[in-house]
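The values are calculated or read from the model by the stated rules, or taken from the named source; none is laboratory data. Quick caveat, the model's predicted, so the values are computed rather than measured. Here the Cβ is made from the backbone with ideal geometry for all residues, glycine too, and neighbour counts use every protein chain on show.
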Amino acid sequence: MSVLNGKKILLGISGGIAAYKTASLVRLFIKAGAHVQVIMTPASKDFITPLTLSTLSKNPVHSSFFNEDDVNQKWNNHVELALWADLMVIAPATANTMSKMVNGNCDNLLIAAYLSAKCPVYFAPAMDLDMYQHHSTVASFKALHHFGNSIIPAENGELASGLSGEGRMAEPENIVAFLEADLESKLPLKGKKILITAGPTYESIDPVRFIGNHSSGKMGFDIAKCAANLGATVILISGPTNFSIENNLVKLIRVISAQEMYDACHHYFDNVDVAIAAAAVADYKPTNIAVQKIKKTATNFVIELEKTKDILASLGEIKKNQFLIGFALETENEIENAKLKIQKKNLDLIVLNSLQDEGAGFGKPTNKVTFIDKNFKVEPMELKSKEAVADDILNKIVAHYA
Ligand code: CTP
């Protein structure tokens with residue numbers, strides 16, 4: 001999945017012949033899963049129509065401070081547009097537009113939006129080779145770089161003037177590749193490996209029956225998705241669930257029993273930076289598994305159970321530098337019990353769920369958790385979606401490595 005997926009991109013188009021290529025650029029952004037809004041300078045409309053871009057971006061295109069088609073002449077709020085964006089891309093960026101942006105010469109909507117933007121801004125310059133090398137242009141690049149903006153280098157080749165050289169706007173595919181590589185390199189968990197357990201475990205009684213629980217696995221899968229979005233490589237070890245995950249950064253290993261989950265966790269634990277135990281592992285399993293289906297002959301039937309291995313505690317025993325996070329599901333003396341679990345399992349952080357909290361627990365889309373760290377700092381959180389809880393957990397990890 002592209003790192004641009006779900007990102008809000010504000011595309012600023014200034015008046016150069018390369019503007020015609022922005023139709024493909026918008027298409028590639030949309031294909032990558034981004035949301036796109038377009039601002040055009042008045043001059044750029046000579047090279048490509050707003051209709052083309054609004055059709056491709058599925059959004060109205062803005063180019064002046066008020067909406068010309070609107071009888072009420074509603075103001076186009078440049079601040080709102082700029083703050084909406086996760087990233088802003090100026091393509092093509094002409095010498096004129098860059099120079100005006102450097103000097104705060106705010107005579108059109110695009111420059112006003114640029115001056116209001118707080119997000120990363122990328123410039124894809126396009127001009128003739130001599131203009132590209134002129135001291136004035138080089139000075140603009142330096143100033144924009146100094147402002148914290150990024151320049152996507154122009155390419156070498158045939159130019160609209162008939163000359164050949166450096167100055168062609170980077171091809172749309174190359175702009176997308178540049179953005180993806182840049183954003184990926186800045187992800188806060190880039191290079192980190194995270195092991196996550198998820199879902200229930202099933203402990204066989206006979207070939208057709210098992211002991212299990214109601215865990216859906218959603219919490220663990222949400223954590224995995226969120227970790228991958230932050231650039232981490234994830235090993236997701238899950239008991240039986242209906243969830244699946246399509247992400248190059250996530251290796252999903254499906255297991256059934258607590259012993260299989262234990263074995264898989266120990267296989268990977270040495271090489272990970274973080275482990276998060278979100279699985280609802282069975283605490284007991286039948287001592288003997290019947291080879292044949294058990295017949296319904298006895299009036300009363302007793303199954304002898306024995307303890308499963310505590311996976312999280314076993315990881316706590318052998319951990320070196322790993323940041324170890326456990327969950328605790330409690331119904332009484334929640335904080336005290338959770339603190340005991342931190343000590344007993346040698347954890348860095350515990351995520352406490354209380355079944356007394358409405359909206360928390362198995363099979364629900366929401367969760368209400370309290371974080372307790374190894375120094376017993378207690379941090380109760382609001383009731384949130386499980387995705388938002390996953391974000392909070394990942395923020396703790398990001399803060400740990402900051
Ligand atoms: N856990 C585990 N292996 C087990 C049991 C639990 O890895 N065999 C992990 C869970 O994934 C969770 C944490 O331990 O992160 C706490 O689980 P919880 O059920 O709250 O506690 P238990 O340790 O099982 O203790 P109890 O049921 O007595 O409260």
Problem set entry | K31 buried (at least 21 other Cβ atoms within 10 Å of the Cβ) and not hydrophobic (A, V, I, L, M, F, W, C) | no
Exercise. Checking K296 against (1) surrounded by 14 or more Cβ atoms within 10 Å (Cβ to Cβ); (2) out of contact with any helix residue (DSSP H, G or I) (no Cβ under 8 Å at 6 or more places or on another chain); (3) at pLDDT below 95, which single condition isn't satisfied?
Worked result: (1)
Problem set entry | So T331, is it within 16 Å of the ligand (Cβ to nearest atom), modelled with pLDDT under 95 and of a type in the set (V, I, T) | yes
For this session: Find all pairs meeting these conditions: Cβ atoms under 8 angstrom apart; at least six residues apart or on different chains; first residue within region 308-326 and more than 14 Å from V272 (Cβ to Cβ) and of a type in the set (A, V, I, L, M, F, W, C); second residue more than 9 Å from the ligand (Cβ to nearest atom) and assigned to a loop (DSSP other than H, G, I, E, B).
Result: A313/N346
Problem set entry | Hits in region 235-285 (condition: more than 23 Å from I350 (Cβ to Cβ) and acidic (D, E)) | E246, E260, D263
For this session: Determine which member of the set P60, P125, P50 is closer than 23 Å to S150 by Cβ and in contact with a strand residue (DSSP E or B) (Cβ under 9 Å, 6 or more places away or on another chain).
Result: P125
Problem set entry | Breaking point among (1) modelled with pLDDT of 95 or more; (2) under 29 Å from H400 (Cβ atoms); (3) out of contact with any Leu (no Cβ under 9 Å at 6 or more places or on another chain); (4) more than 15 Å from the ligand (Cβ to nearest atom), for C226 | (3)
Exercise. Somewhere in region 254-272, is a residue away from the ligand (no atom under 16 Å from the Cβ), touching a residue at least 40 places away in the same chain (Cβ under 8 Å) and closer than 21 Å to N367 by Cα?
Worked result: no
Exercise. For region 7-18, which residues satisfy the criterion of being buried (at least 24 other Cβ atoms within 10 Å of the Cβ), over 17 Å from A113 (Cβ atoms) and aliphatic (A, V, I, L, M)?
Worked result: A18
For this session: Can you work out which of the residues in region 312-321 that are in a helix (DSSP H, G or I) and of a type outside the set (D, E) is nearest to the ligand (Cβ to nearest atom)?
Result: L312
For this session: Return yes when T201 is touching a Cys at 6+ places or on another chain (Cβ under 8 Å) and within 27 Å of P286 (Cβ to Cβ) and no when it is not.
Result: no
For this session: Specify the residue that is surrounded by the fewest Cβ atoms within 10 Å (Cβ to Cβ); the eligible residues are those in region 109-145 that are out of contact with any Lys or Arg (no Cβ under 8 Å at 6 or more places or on another chain) and part of a loop (DSSP other than H, G, I, E, B).
Result: K118
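Matching residues to (1) part of a loop (DSSP other than H, G, I, E, B); (2) over 26 Å from N5 (Cα atoms):
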{"position": "S244", "(1), (2)": "yes, no"}
{"position": "N247", "(1), (2)": "yes, no"}
{"position": "K251", "(1), (2)": "no, no"}
{"position": "Q259", "(1), (2)": "no, yes"}
{"position": "A264", "(1), (2)": "no, yes"}
{"position": "F269", "(1), (2)": "no, yes"}
{"position": "A282", "(1), (2)": "yes, yes"}
Problem set entry | Wholly enclosed helices (runs of 4 or more DSSP H) of region 1-108 bearing at least 2 residues of a type outside the set (A, V, I, L, M) and either in contact (Cβ under 8 Å) with a residue 60 or more places away in the chain or not assigned by TED's automatic domain parsing to the domain that holds A154 (or both) | 22-31, 95-103
Problem set entry | One residue from V234, V208 being part of a loop (DSSP other than H, G, I, E, B), among the aliphatic types (A, V, I, L, M) and out of contact with any Asp or Glu (no Cβ under 9 Å at 6 or more places or on another chain) | V208
Exercise. In the list L340, L324, L349, which residue meets the criterion of being surrounded by fewer than 16 Cβ atoms within 10 Å (Cβ to Cβ) and either more than 12 Å from the ligand (Cβ to nearest atom) or modelled with pLDDT of 95 or more (or both)?
Worked result: L340
Problem set entry | Looking only at region 288-311, and only at residues there that are assigned to a loop (DSSP other than H, G, I, E, B) and within 16 Å of the ligand (Cβ to nearest atom), the one that is farthest from H266 (Cα to Cα) | T308
